[in-house]
Amino acid sequence: MAIPLPGTPVILDIGSAYTKIGFAGEPSPRFVFPTMTGKEKYKSVMVDVSARNTYIGSDAAKMRGVLKIKYPIDRGAIMDWDDYYEILNYCFYSLLRIPNLSEYPVLYTEQPFVQKETKEYIARVFFETHRVKSLIMIPTPILSIFSVGLTTGLVIESGDGITWICPIINGEIVDQAVQKLPLAGTDVNQYLKNLLMREGINIESSAVDEIIKDIKEKNCYFALDPDNPPKVKDSFSFAMPDGSNIKIPNYIFHEAPEVLFKPQLIGYTMNNIPEAIIASLQGIDEHYWSDLLSHIVISGGNVSYSGFEERLRAELNKILPQLGKIPKPKEKPLMENHKLKMQAREVAKKKQDTCPHCGVLVDLTDGKEFCPSCGGRVVLPELPTQPKATPKKVKKVNGKLFCPHCNKQIEDESSIFCPYCGKTLEPPSFEELPSEVIKKTKPAREFSGYYKSTDEVIRFYVPDNLHYAIFNGAAILGSLPSFQNLFVTHEQFMENSDVLYKDISEIF
Ligand SMILES: Nc1ncnc2c1ncn2[C@@H]1O[C@H](COP(=O)(O)OP(=O)(O)OP(=O)(O)O)[C@@H](O)[C@H]1O
Ligand SMILES: [Mg+2]
């Protein structure tokens, strides 16, 4: 596949289990590989002259029997920097093979709340080792919500290591309400392994972790009511990589993912996903609850199980009443919708019309404006809808406002015309409110009453591909021209490293 034109952002989503990489504007990642490295265990085994020191991704997985395997990202955090560099090299030079990296910006996906030092260190690796053109680092929940075209909603993002419950309002994460649960895909693997062991199924292979993951991804699902699971045949035969078959009792497939709702099954005392949602909503003004609950976005490989959405809805309906009543936004009267539609629609030009003076039917296709019979005007002249002159800014002296044309004092600060000379005005700009104030303030919406049931408010937004939702959100965002101005160059970073904390909500 050809490399896109210089200037196209490269997207890197390096997760605890899978790395997804590609380019902005493309529908899916070009390469997806397990985030693992393998170093040779026994020097003498590696007789091949082309043998390398470090094997990455699927290469490492294939040769795992003779390699010491490592997973350099653990629960979203980089644990082994040397292996992390190897992974970056593999992405840029073995897979993407971009000859002139200095002409490509990089969109790097990161967890929310990465430490400043770590963030800056990663930026330096991109600028100083790989010499990329520019860089932007974006928290994954922002990309998840963007993958379904929203900028406000409650993101439930669950990968291999972490589940994030992340409320987002107008493209901005509500920091104080974010919940981070170290409960995700790897924990389902662990519980699945325990359940298999309890049934006497011990997988004797160096690739046991990959086999467990494979069994899970192909077969596990959520039962709506785990106490009354659907009736299916008692066991399922799973083909092992060596050609043998193992029989797995069917209950295991819906029991293993239950850890996401019952973490105590593997000895954890943390909140489960619905409890973490409640904790998150409790950290945010109740007037946002309906906006958030009616835009629940799920994302990440670990919510790909069939039945997840239905089960989460059922669990939320059980637990949400603990929050109290949920304020309901006032419904807009139908008239307002009509008005909007009428403004948006373009008026089709008439081909013929009746003369308002003498009643003769006049053909208007040749641009005629006057009636050929009585000479009266048939078509009214078009009035300009935009002011012709560029409006001048209103003058502000000692808190009073003055017309810039006639210098008379104006009372109404939102006026777009001077009431004395009639000339066009640009109202003065007002100082922006700090975001903390906006978050605490009641939204400028009208509320009337409360929802009768929680089921009435809950609405899910599910990306087409949950596993690649973060990548896809990044691919859409990265292709927006307004977004491309936000990438940071090495010079800008060197001048002030705070540029890495860009507020991208300005483009929404
Ligand atoms: N069809 C599926 N059914 C169930 N689980 C799946 C499915 N596909 C992927 N997974 C699981 O999802 C997890 C990987 O998801 P994802 O790629 O979103 O996480 P990651 O980015 O590697 O991890 P993190 O973001 O937590 O660092 C793994 O645990 C994987 O086994
Ligand atoms: Mg991830």
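Just so it is clear, none of the values below were taken in a lab; they were calculated from the coordinates. None of these values were measured; they are calculated from a predicted model. Cβ placement follows ideal geometry from the backbone for every residue including glycine, while neighbour counts extend to all protein chains displayed.
Looking at the stretch 200-307, which trypsin sites (Lys or Arg not before Pro) are DSSP coil and have at most 15 other C-beta atoms within 10 Å of their C-beta?
Lys231, Lys233
Within a Cβ distance under 11 Å of Leu292, other residues only, what is the Lys/Arg minus Asp/Glu net charge?
That works out to -2.
Once the Cβ-Cβ distance between His357 and Ala314 is put in as r, and R0 is 51 Å, what FRET efficiency do you end up with, to the nearest 0.05?
Efficiency for this residue pair is about 0.15.
Taking 0.36 nm per residue of separation and subtracting the Cα-Cα distance, what length does fully extending Tyr450 through Arg377 add?
Full extension from Tyr450 to Arg377 adds 20.7 nm.
What full-extension length gain, to one decimal in nm, is calculated for Asn194 and Lys39 as 0.36 nm per residue of separation minus the Cα-Cα distance?
Details: separation 155, 0.36 × 155 = 55.80 nm, distance 2.82 nm.
Net length gain for the segment: 53.0 nm.
Can you give the calculated 222 nm mean residue ellipticity of the chain, where each DSSP H run of n ≥ 4 adds -39,500 (n - 2.57) and the sum is split over every residue, rounded to the nearest 500 deg cm²/dmol?
-7000 deg cm²/dmol, from helical runs alone.
Expressed in nm to one decimal, what extension gain is obtained for the pair Asn202 and Asn100 from 0.36 nm per residue of sequence separation less their Cα-Cα distance?
Computed gain between Asn202 and Asn100 is 31.8 nm.
For the stretch 69-203, what percent of Cα pairs sit more than 19 Å apart?
Here the long-distance tail beyond 19 Å is 62 percent of all Cα pairs in the stretch 69-203.
Evaluate the distance, in nm, between pseudo-label points positioned 7 Å from the Cα of Asn228 and of Lys392 along their respective Cα→Cβ axes.
Result: 7.7 nm between the two label points.
Quote the FRET efficiency, to the nearest 0.05, computed for Arg124 versus Lys400 with a Förster distance R0 of 56 Å and r equal to the Cβ-Cβ distance.
0.65
Under the rule of at least 5 residues apart or a separate chain, name every residue whose amide H is placed under 5 Å from the amide H of Val362.
Long-range HN contacts for Val362: Asp353, Thr354, Cys355.
Give me the distance in nm between label points sitting 7 Å out from Cα along the Cα-to-Cβ direction at Asp285 and Ile78, one decimal.
Rounded to a tenth, the inter-label distance reads 3.8 nm.
All other residues with a Cβ under 13 Å from the Cβ of Ile201 taken together, and with Lys, Arg as +1 and Asp, Glu as -1, what is their net charge? Display every interim value, and only then the final one.
On the way: positive: Lys193, Arg198, Lys247; negative: Glu199, Glu204.
Local net charge: +1.
So how far apart, in nm, are the two label points at Glu411 and Asp503 if each is 7 Å from Cα heading toward Cβ?
3.5 nm
Taking amide H atoms as placed 1.01 Å from N in the peptide plane, list the residues 5 or more away in sequence, or in a different chain, whose amide H sits under 5 Å from that of Glu110.
Ile138, Thr140
Using a 10 Å cut-off around each Cβ, can you sort Trp164, Trp81, Trp289 from fewest to most neighbouring Cβ atoms?
Placing the least packed residue first, the sequence is Trp81, Trp289, Trp164.
Taking the number of other C-beta atoms within 10 Å as the exposure measure, put Thr140, Thr151, Thr129 in order starting with the fewest.
Listing Thr140, Thr151, Thr129 from fewest to most nearby Cβ atoms yields Thr129, Thr151, Thr140.
Tell me the volume per residue, in Å³, of the convex hull enclosing the alpha carbons of the stretch 184-269.
Normalising the Cα hull of the stretch 184-269 by residue number yields 98 Å³.
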